[in-house]
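Nothing in this text is a laboratory measurement; each read-out follows from the coordinates by a stated rule. Quick caveat: nothing in here was measured; it's all calculated off a predicted structure. Here the Cβ is made from the backbone with ideal geometry for all residues, glycine too, and neighbour counts use every protein chain on show.
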């Protein structure tokens, strides 16, 4: 019986490796993801191809892509792996324990400032749970949710993909942020005509923050291109440091600069006539069954929202 269980686990492990190869389009990338050597990953894929008596992946230049048979297997493999995790979590839940591993995706602001304290509270309540937080811009978190790399994501923009379900979970407000010694530091608001002449630091394409800024400006009849963008940066932390260094001003979430606002090294202002309010959205795949652990975490987030 023990040998049979081990055989099942080995088959699922090979399928897990195969899924990583397909998702990352790379043997070397999959090897790094599962902490194996590239030859070992290649050997596991060959074992699967021998078992199914067909080719599962093709090398096209630097990319590895699934064959039609590989695409078919990938659909079943992801469901089998998810079902294994669901079975383990369900049995633990039946025995009165919430345990297991949950992978959550977060765009820059949720992952950097909102989720860490919430995950701390969740772990206090469920100490046998291991939560992996994957940070990326909104586009990456959406892609990871679609591909099943994360079970749920929290992002700062609505997604267009019909395969996703999104629910507003957290409200947020952004402000114009300037250095503590800036010429505007003693003011409460400025007008847009002043902002467009000031050096401005912008988030990169694909960022939910950038999309939110663009939406507010468009609605008010202002073009994003009218801003005097002197730099584009890939993270809120980089922009925060850029503002401190005098590179330019920017529009950031208040929670991202809370410490600096208290210390008065940065100041926040409103732009007259504009309100940069937005929401963060809990994002899950429409057609994937959520594990009991995932549902427990979603219930926890909803309770936290209700208590605020």
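Tabulated results
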| item | result |
| --- | --- |
| Fraction of beta bridges assigned by DSSP in the stretch 172-277 that are antiparallel (%, nearest 5) | 55 |
| Equivalent ellipsoid dimensions for the stretch 84-144 as semi-axes, Å, which come from the Cα gyration tensor, largest first | 25, 15, 6 |
| Inverse mean reciprocal Cα-Cα distance (Kirkwood Rh) of the chain, Å | 21.9 |
| Distance between modelled label sites at residue 270 and residue 205, nm, 7 Å Cα→Cβ extension | 3.4 |
| Cα-based radius of gyration of the stretch 53-176 once divided by 2.2 N^0.38 Å, which approximates compact folds | 1.29 |
| Relative contact order (percent, whole number), the stretch 2-90, Cα cutoff 8 Å, 6+ residue spacing | 29 |
| Contact order relative to length of the chain, as percent, for alpha carbon pairs under 8 angstrom and 6 or more apart | 20 |
| DSSP-defined beta bridges in the chain - what % are antiparallel, rounded to 5 | 60 |
| Share of alpha-carbon pairs per 5 Å distance bin for the stretch 19-117, given as whole % | 2, 11, 15, 17, 15, 15, 12, 8, 4, 1, 0 |
| Computed helical MRE - 222 nm, the chain, DSSP H runs ≥ 4 contributing -39500 (n - 2.57), nearest 500 | -14500 deg cm²/dmol |
| Estimated distance in nm for a label pair at residue 84 and residue 254, the labels positioned 7 Å out from Cα along Cα-to-Cβ | 4.7 |
| Rg and Dmax of the stretch 172-277, Cα atoms only, in Å | 12.4, 35 |
| Estimated FRET transfer efficiency when R0 is 45 angstrom, pair residue 94-residue 183 (beta carbons, to 0.05) | 0.10 |
